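Participant: My structure is below; once you've seen it, I'll send some questions.
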Amino acid sequence: TPAMKVEFTRCPFSRVEAGPVVDGIPIDSLQDILVNKLMAMTDRSDPKDYIDVYCAFRTRPELDLEKLIDKATAKFGVKGVRYILSGRFLQPPPRGVLSMHAQLDQEGMARFYSEHARAWIAQSKAKP
């Protein structure tokens, strides 16, 4: 049977928005989860982070990656998040390293990250 990993941690950083409380346990909002994943991606290249972020954007088109990166910068006080992620997005982790229960459009995921990275690089080159 498939297993689900649940992690309970204490995070010293403020949340970007209030999440739900279930049976007295505060749960991170989707925005906080994604902000945390984006920050984690600046330090590691874990396939689950890439998949989680990509799937969130596929199912929630109202999400704004630029705003989430700005929130990550503000939440963690780290500058250059977009710059670091542009490099990470150009070299996503190898394909097929996670066992998936649902079909994943790996080409679409690679395109998603590559397009964002290339747009950020083009913007940085256009600045004087």
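The values are calculated or read from the model by the stated rules, or taken from the named source; none is laboratory data. No experiment lies behind these values; they were computed from the predicted model shown. Don't worry about glycine lacking a Cβ; one is built from the backbone with ideal geometry, like all the others, and counts go over all protein chains shown. Note: accessible area is taken over every heavy atom of the protein model, side chains too, but ligands, DNA and RNA are not part of it. Shrake-Rupley method; radii C 1.70, N 1.55, O 1.52, S 1.80 Å.
Participant: Just give me the residues in the range 106-128 being without any contact (Cβ under 8 Å) to a residue 40 or more places away in the chain and closer than 30 Å to Ser14 by Cβ, in sequence order.
Facilitator: Ala117, Ala119, Trp120, Gln123
Participant: Got a sec? Which of Phe89, Phe13, Phe76, Phe8 is aromatic (Phe, Trp, Tyr), touching a helix residue (DSSP H, G or I) at 6+ places or on another chain (Cβ under 7 Å) and farther than 29 Å from Lys125 by Cα?
Facilitator: Phe13
Participant: Moving on. Would you point out which residue out of Thr42, Thr9 is more than 12 Å from the chain's Cα centre (by Cα) and hydroxyl-bearing (Ser, Thr, Tyr)?
Facilitator: When all the criteria are applied, what remains is Thr9.
Participant: Let me ask something else. Return only the number of the condition from (1) modelled with pLDDT under 90; (2) open to solvent by 30 Å² or more (accessible area, probe 1.4 Å); (3) in a loop (DSSP other than H, G, I, E, B); (4) of a type outside the set (Asp, Glu) that Pro61 does not satisfy.
Facilitator: (1)
Participant: Give the residues of the range 94-115 that are in contact with a Pro (Cβ under 8 Å, 6 or more places away or on another chain) and either of a type in the set (Val, Ile, Thr) or at pLDDT 80 or above (or both), sorted by residue number.
Facilitator: Val97, Met109, Ala110, Tyr113
Participant: Now for a different question. Mind checking which residues of the range 16-38 are touching a residue at least 24 places away in the same chain (Cβ under 8 Å), under 25 Å from Asp105 (Cβ atoms) and not polar (S, T, N, Q)?
Facilitator: Leu30, Leu34, Val35, Leu38
Participant: Could you pull out the residue among Asp46, Asp28 that is touching a Gly at 6+ places or on another chain (Cβ under 8 Å) and surrounded by 15 or more Cβ atoms within 10 Å (Cβ to Cβ)?
Facilitator: Selected residue: Asp28, the only one of Asp46, Asp28 that is touching a Gly at 6+ places or on another chain (Cβ under 8 Å) and surrounded by 15 or more Cβ atoms within 10 Å (Cβ to Cβ).
Participant: Identify, from the list Val22, Val78, the residue that is more than 29 Å from Ala119 (Cα to Cα), among the β-branched types (Val, Ile, Thr) and at pLDDT below 95.
Facilitator: Unique residue meeting the criteria: Val22.
Participant: Mind listing whichever residues of the range 67-105 are farther than 23 Å from Cys11 by Cα, assigned to a helix (DSSP H, G or I) and open to solvent by 20 Å² or more (accessible area, probe 1.4 Å)?
Facilitator: Hits for the range 67-105 are Tyr83, Gly87, Arg88, Leu90.
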